Amino acid sequence: QVQLVESGGGLVQAGGSLRLSCAASGIIFRFVTMDWYRQAPGKQRELVAAITSGGSTNYADSVKGRFTISRDTAKNTVYLQMNSLKPEDKAVYYCHTGWSSTDYWGQGTQVTVSS
C-alpha cells in the first residue's frame, strides 16, 4: 500500500516562500527517485524537481535558483523549498514516485501566489 501525502501549500505573496512536504509509505524510500510536479489550470502537468536515491537533483529551468528539493530518509519525506515565488508558480503541486513498475501520486497541494 503505497501512499504519498503532501502538505505545506497555501497562499503567499510574490517574493515569499513556502516549503512543501511529501510523506511516503509503502515503498523503500531510500531506493527511489522522488519528484515534484505541478499543474496550473488549463496547462499540462510539468516536472518541477527530482531527487534520486543518491541525492542527485534536477530542476525545471523555470525554478532553478529558487526551488530546492531535499529528502530525509529517516522520515521517508521529500521536501520542496520554494523561495522568491512568482505568480506563475501558482499551481497544484504533486509528489510522485515509481515503485514496482507503477507510478504513484500524492493528492496534490495548492500553491497560490498573489501579485
Based on alpha-carbon centroids, what's the gap between region 4-58 and region 71-115 in Å, whole number please? 2 Å
Where does each of LEU80, LEU11 land when they are ordered by accessible area, with a 1.4 Å probe and the largest first? LEU11, LEU80
Hey, quick one: spin label on ILE28, modelled 7 Å out along Cα-Cβ, who in region 98-115 has an amide N within reach, i.e. under 14 Å? 99-101
Amide H to amide H, which residues 5 or more places from THR33 or on other chains are under 5 Å from it, using H placed in the peptide plane? SER53, GLY98
In the neighborhood of PHE29, defined by Cβ-to-Cβ distances under 12 Å, what is the net charge if each Lys or Arg adds +1 and each Asp or Glu adds -1? +2
Residue by residue through region 55-72, which ³J(HN,Hα) values in whole Hz follow from phi under the Karplus form 6.51 cos²θ - 1.76 cosθ + 1.60 (θ = phi - 60°), with glycine and proline marked x? x, 6, 10, 9, 9, 5, 4, 5, 10, 4, x, 10, 10, 9, 9, 8, 9, 10
Surface accessible to a 1.4 Å probe, SER56 within the full protein complex, Å²: 70 Å²
So, taking all protein chains as they sit and a 1.4 Å probe, how much accessible area belongs to ASP72, in Å² rounded to tens? 50 Å²
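Considering Cα pairs under 8 angstrom that are at least six residues apart, work out the relative contact order of the chain and quote it in whole percent.
Taking the mean separation of contacting Cα pairs over the length of the chain, I get 36 percent.
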Local electrostatic count at LEU80 - Lys and Arg +1, Asp and Glu -1, tallied over other residues with Cβ under 12 Å: +1
Cβ-defined net charge surrounding GLU6, 13 Å radius [Lys, Arg +1; Asp, Glu -1]: +1
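Heavy atoms only, 1.4 Å probe, whole protein assembly: order TRP105, TRP99 by accessible area, highest first. Can you show the working numbers first?
Values: TRP105 100, TRP99 70 Å².
Heavy-atom accessible area, descending, gives TRP105, TRP99.
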Report ³J(HN,Hα) in whole Hz for each residue of region 73-80, in order, from the Karplus equation J = 6.51 cos²θ - 1.76 cosθ + 1.60 where θ = phi - 60°; Gly and Pro get x. 4, 4, 9, 6, 10, 10, 10, 10
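The values are calculated or read from the model by the stated rules, or taken from the named source; none is laboratory data. Keep in mind that what you see is a predicted model, and the values were worked out from it rather than measured. Using ideal geometry, Cβ is built from the backbone for each residue, glycine included, and neighbour counts are taken over all protein chains shown. The area values use the complete protein model at the heavy-atom level, side chains included, leaving out ligands, DNA and RNA. Shrake-Rupley method; radii C 1.70, N 1.55, O 1.52, S 1.80 Å.
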